[in-house]
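Chemist: Below is the structure I would like to discuss, written out as structure tokens.
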Amino acid sequence: MDSINSNEISKPCKIRKLDELKDEGDFSKYIKTSKPNEGSIKLCIRNVADLNKRVYSPITFINNIPWQILVLTTTSERKNNQKYLGIYIVCNSKNDSFLWSCFASIEIRLKSSANDDADMVENFKCVFRRNENSRGYASFIKWDTLISESNNYIKDGSVNIEATIKIENVTGVREKVAFDFSQPGNLVGDTIINIDGVKIHTNKDYLSLFSPVLRKLFYSDFAESNMEEIPLKEIDVKDFVELLEVIYPSHKEITKENVEILLKLGDRFDITYVVDKCEKFLMDSDKIPFELKFSLSDTYRLSNLHNYCLSKIKNGQDAKNFMTSKEYENVSDAFKIALLEKIKDLL
């Protein structure tokens, strides 16, 4: 087993999205949490015959620690200067603190296009730490062996690599809080919300602290308050779980992928906490188009965001850019009047 100097590791570029891993046909995956100490990473290298630089997999978080696969070509005098494919596992590469460490079992698998039994597999256990945050094999497989199509590792010019990681001990990194909404919490106030036949276990006392709408549903004279399972209609299961993950102490981050969903549900259930977080995200993010921010401020009556967007209109051209956008077609008349007044002030 080999390692690479941590100073040589370039910074990762893309974070893998959980939605990319979800099977749309299995709703249970949206409400169950995976084992926090186990996970896998996958990397597909296209045009592998032309590989001439380091290639990283997207970041995958396991036990709140970022992991990647690193692949590169190697030669050494020890191997008679023959060319090899090197494969490493990179752990927590951005953390320069000496206070963290992670002991893990690793399986690296070079996939065969023939069958799983023909995969090339290596296993090892090691401790990752600041100066030893990448461990693996400089000479995982001979280059000629890899690129020979008769060996079935390459298909259509690509190779696939998988790594399975089982974390056995961690110091200096706090485990991320996670909730399994497929199981009861055995607490006073526990209830079941049923969406399209999917049972979501949650706590009505906790949700009532955030949502006056749900509080009325749980504790008023509505028929639902006496039901063993409370049905919610016209809502997507995965969207509701996304909302729960933001409200619950795991406090999932607002992202460009979920902000519109959360605004919609935050508005529907009158959850000020969620709406405020979304508004702050929109004001701080440079990944959301200005026109969309402006439109959302009108749709959900976000005065701080509206004021922020108005402040960004510095001249008539800025106003024209928005007025000719598709978002402008759907804003309210009051919103259009406010924009015209802003243009008047600029004249």
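The values are calculated or read from the model by the stated rules, or taken from the named source; none is laboratory data. For clarity, every value in this text was computed on a predicted model and none was experimentally measured. Every residue, glycine among them, receives a Cβ derived from its backbone with ideal geometry; neighbour counts consider all protein chains shown.
Chemist: Any residue in region 95-114 that's assigned by the TED database to the domain that holds residue 44 and touching a residue at least 40 places away in the same chain (Cβ under 8 Å): show its pairings with residues that are surrounded by fewer than 19 Cβ atoms within 10 Å (Cβ to Cβ) and among the aromatic types (Phe, Trp, Tyr) at Cβ separation under 7 Å, as long as the two are six or more apart or on different chains.
Modeler: Qualifying pairs under 7 Å: 106/124.
Chemist: Follow-up. Do we have any residue at all in region 165-184 that's touching a Leu at 6+ places or on another chain (Cβ under 6 Å) and not in a strand (DSSP E or B)?
Modeler: The answer is yes; a qualifying residue exists.
Chemist: Please list, ordered by first then second residue, the pairs with beta carbon atoms under 9 Å, 6 or more apart or interchain, first in region 278-298 and outside the structural domain of residue 311 (by the TED database), second of a type in the set (Gly, Ala, Ser) and crowded, with 21+ Cβ neighbours inside 10 Å.
Modeler: Cβ pairs passing all conditions: none.
Chemist: Ok, one more. Report, by residue number, each residue of region 138-156 that is surrounded by fewer than 16 Cβ atoms within 10 Å (Cβ to Cβ) and either in a strand (DSSP E or B) or not assigned by the TED database to the domain that holds residue 87 (or both).
Modeler: Of everything in region 138-156, those that are surrounded by fewer than 16 Cβ atoms within 10 Å (Cβ to Cβ) and either in a strand (DSSP E or B) or not assigned by the TED database to the domain that holds residue 87 (or both) turn out to be 142, 155.
Chemist: Which one of the conditions (1) small (Gly, Ala, Ser); (2) at positive phi; (3) under 29 Å from the mean Cα position of the chain (by Cα) does residue 189 fail to meet, given that it meets all the rest?
Modeler: Only one criterion is unmet by residue 189, namely (3).
Chemist: Now for a separate question. Condition test on residue 213, is it in contact with an Asp or Glu (Cβ under 6 Å, 6 or more places away or on another chain) and modelled with pLDDT of 95 or more?
Modeler: Against the criterion (in contact with an Asp or Glu (Cβ under 6 Å, 6 or more places away or on another chain) and modelled with pLDDT of 95 or more), residue 213 qualifies.
Chemist: Out of region 218-250, which residues are assigned to a loop (DSSP other than H, G, I, E, B) and at pLDDT 90 or above?
Modeler: Across region 218-250, the qualifying residues are 232, 233, 234, 235, 236, 248.
Chemist: Of the residues that make up region 256-264, is at least one more than 29 Å from residue 175 (Cβ to Cβ) and surrounded by fewer than 20 Cβ atoms within 10 Å (Cβ to Cβ)?
Modeler: Within region 256-264, one or more residues are more than 29 Å from residue 175 (Cβ to Cβ) and surrounded by fewer than 20 Cβ atoms within 10 Å (Cβ to Cβ).
Chemist: Of the conditions (1) of a type outside the set (A, V, I, L, M); (2) more than 29 Å from residue 41 (Cβ to Cβ); (3) within 27 Å of the chain's Cα centre (by Cα), residue 183 satisfies every one except a single condition; which number is it?
Modeler: (2)
Chemist: From the list 213, 159, pick out the single residue that is in contact with a helix residue (DSSP H, G or I) (Cβ under 8 Å, 6 or more places away or on another chain), outside any loop (DSSP other than H, G, I, E, B) and farther than 25 Å from residue 267 by Cα.
Modeler: 159
Chemist: Which members of region 48-63 meet the condition of being exposed (fewer than 15 other Cβ atoms within 10 Å of the Cβ) and either touching a residue at least 60 places away in the same chain (Cβ under 8 Å) or in a strand (DSSP E or B) (or both)?
Modeler: Scanning region 48-63 gives 49, 61.
Chemist: Take the residues in region 270-300 that are exposed (fewer than 13 other Cβ atoms within 10 Å of the Cβ) and not in a helix (DSSP H, G or I); name whichever of them is farthest from the chain's Cα centre (by Cα).
Modeler: Restricting to residues being exposed (fewer than 13 other Cβ atoms within 10 Å of the Cβ) and not in a helix (DSSP H, G or I), the top hit is 289.
Chemist: Does region 53-78 hold any residues that are farther than 27 Å from residue 173 by Cβ and of a type outside the set (Lys, Arg), and which are they?
Modeler: If the condition is that a residue be farther than 27 Å from residue 173 by Cβ and of a type outside the set (Lys, Arg), then 73, 74, 75, 76, 77 are the ones that fit.
Chemist: Let me ask something else. Limited to region 98-127, what total is found for residues that are in a loop (DSSP other than H, G, I, E, B), closer than 21 Å to residue 62 by Cα and more than 24 Å from the chain's Cα centre (by Cα)?
Modeler: Within region 98-127, residues that are in a loop (DSSP other than H, G, I, E, B), closer than 21 Å to residue 62 by Cα and more than 24 Å from the chain's Cα centre (by Cα) number 2.
Chemist: Which residue pairs have Cβ atoms closer than 9 Å, lie 6 or more positions apart in sequence or on different chains, and pair a first residue in region 67-82 that is of a type in the set (D, E, K, R) with a second residue that is surrounded by 12 or more Cβ atoms within 10 Å (Cβ to Cβ)?
Modeler: Here the result reads 78/139; 79/138; 79/139; 79/142, each pair linking region 67-82 to a residue that is surrounded by 12 or more Cβ atoms within 10 Å (Cβ to Cβ).
Chemist: Still on this model: Mind listing just one residue for me: the one in region 255-269 that is in contact with a helix residue (DSSP H, G or I) (Cβ under 6 Å, 6 or more places away or on another chain) and either assigned to a loop (DSSP other than H, G, I, E, B) or acidic (Asp, Glu) (or both) and, of those, farthest from residue 238 (Cα to Cα)?
Modeler: Among those that are in contact with a helix residue (DSSP H, G or I) (Cβ under 6 Å, 6 or more places away or on another chain) and either assigned to a loop (DSSP other than H, G, I, E, B) or acidic (Asp, Glu) (or both), it is 269.
A quick yes/no check of all residues on (1) of a type in the set (Val, Ile, Thr); (2) free of Cβ contacts under 8 Å to residues at least 60 places away in the same chain; (3) outside the structural domain of residue 274 (by the TED database); (4) loosely packed, with under 12 Cβ neighbours inside 10 Å:
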| site | (1), (2), (3), (4) |
| --- | --- |
| 303 | no, yes, no, yes |
| 306 | no, yes, no, no |
| 309 | no, yes, no, no |
| 329 | no, yes, no, yes |
| 337 | yes, yes, no, yes |
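Chemist: Separate question: When residue 36 is evaluated against the numbered criteria (1) of a type outside the set (A, V, I, L, M); (2) surrounded by fewer than 17 Cβ atoms within 10 Å (Cβ to Cβ); (3) modelled with pLDDT of 95 or more, which criterion, by number, is the only one it fails?
Modeler: Here residue 36 clears every test but (3).
Chemist: Still on this structure: Can you pull out every residue in region 75-100 that is aliphatic (A, V, I, L, M) and surrounded by fewer than 19 Cβ atoms within 10 Å (Cβ to Cβ)?
Modeler: 99, the sole residue that qualifies.
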